[in-house]
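First up is the structure itself, then whatever we jot down about it.
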Amino acid sequence: MMRALWTAGSGMQAQQLNVDTISNNLANVNTTGYKKERAEFKDLLYEAIFRAEMVDGQGRPVNLQVGHGVKPVAIVKDFSKGNMQQTENPLDLAIDGEGFFVVRDVNDNLFYTRDGSFKLSIDGEEATIVTSDGYFLQIEGADAEIGSEIKEITVDEDGSVFVRRNDDTLDEIGIVDVVRFPNPAGLESVGRNLYKVTSASGEPVEAEEPGINGLVMQGFLEASNVQVVEEMVKLIVAQRAYEINSKSVQTADEMLQIANNLRR
């Protein structure tokens, strides 16, 4: 009966993590470029009371084993593409493909993101394309500095950035860095819609030709790929599983109480 208490307890802890993961998905249903997460679990060690054994065609054909519960092993991100939402803002960019934008913070750390809601940062008369947190978008390995007297910004599908000045001259700034990873699920989420390279993700792979890692769509943003109905169904299942495990704890406790109250 004590085994049942610990087994059901591990189930409650696992379902609590499952609910936490689903809740985070629902909380980010309107977060640009957010990728939904899924908790994965594995069963724990089994205690063999009798093992299967066949000698000369006789014996036990099956094992008698009792499991000891469940444990979480991973929370996996689903990098499937979200819906494209048209904004008509020239600084809103979305990637139609597997790629990531590259951004740099003030400490020269590189991060990667699917959130293309960029802004203009003005320093004196010079303008730079940055994220909402002030991280610099990278164009051909350098900060996206686009100068002054800006009349219009155009970004082609291959990521080429052009700036039309007030005197109608057209300057080509460069090509937006769009990279992909051998294993994007291995990226470390650091918040603010940013990811960081890990040994599991592999190093970023630059495109041999523009557009190979994904086409850049100007005036669009990639919405979260969270499906609310799907997450609500998962939430109900997780809540019921938590409830059933708590019933197992109560049942084991009642059985122990009965055993403790035995009289001769």
### Query
Is it the case that the range 86-94 has a residue that's of a type in the set (S, T, N, Q), assigned to a strand (DSSP E or B), exposed (fewer than 13 other Cβ atoms within 10 Å of the Cβ) and at pLDDT 95 or above?
yes
### Message
So residue 204 passes all but one of these: (1) more than 17 Å from residue 141 (Cα to Cα); (2) at pLDDT 95 or above; (3) not polar (S, T, N, Q). Which condition number does it fail?
### Response
(1)
### Task
Quick one: in the range 6-21, of everything that is free of Cβ contacts under 8 Å to residues at least 60 places away in the same chain and of a type outside the set (Val, Ile, Thr), which residue is surrounded by the fewest Cβ atoms within 10 Å (Cβ to Cβ)?
20
### Task
Only residues that are under 19 Å from residue 41 (Cβ atoms) and either in contact (Cβ under 8 Å) with a residue 12 or more places away in the chain or surrounded by 19 or more Cβ atoms within 10 Å (Cβ to Cβ) (or both): list them for the range 223-243, please.
231, 234, 235, 238, 239, 241, 242
## Note on the structure
Flagged pairs (Cβ under 7 angstrom, 6 or more apart or on separate chains; first in the range 92-105, over 16 Å from residue 195 (Cα atoms); second polar (S, T, N, Q) and part of a strand (DSSP E or B)) are 92/117; 93/218
### All strands (runs of 3 or more DSSP E) inside the range 175-222 with 1 or more residues being without any contact (Cβ under 8 Å) to a residue 60 or more places away in the chain
188-191
### Task
Could you tell me which residue of the range 172-185 is farthest from residue 138 (Cα to Cα), considering only residues that are crowded, with 16+ Cβ neighbours inside 10 Å and under 24 Å from the mean Cα position of the chain (by Cα)?
184
### Task
State all residues of the range 154-171 that are within 31 Å of the chain's Cα centre (by Cα), outside any loop (DSSP other than H, G, I, E, B) and either over 30 Å from residue 208 (Cβ atoms) or not small (Gly, Ala, Ser) (or both); if no residue qualifies, say none.
154, 155, 161
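The values are calculated or read from the model by the stated rules, or taken from the named source; none is laboratory data. Just so it is clear, the model here is predicted, and its values are computed rather than measured. Here Cβ is always computed from backbone atoms with ideal geometry, including for glycine, and neighbour counts include all displayed protein chains.
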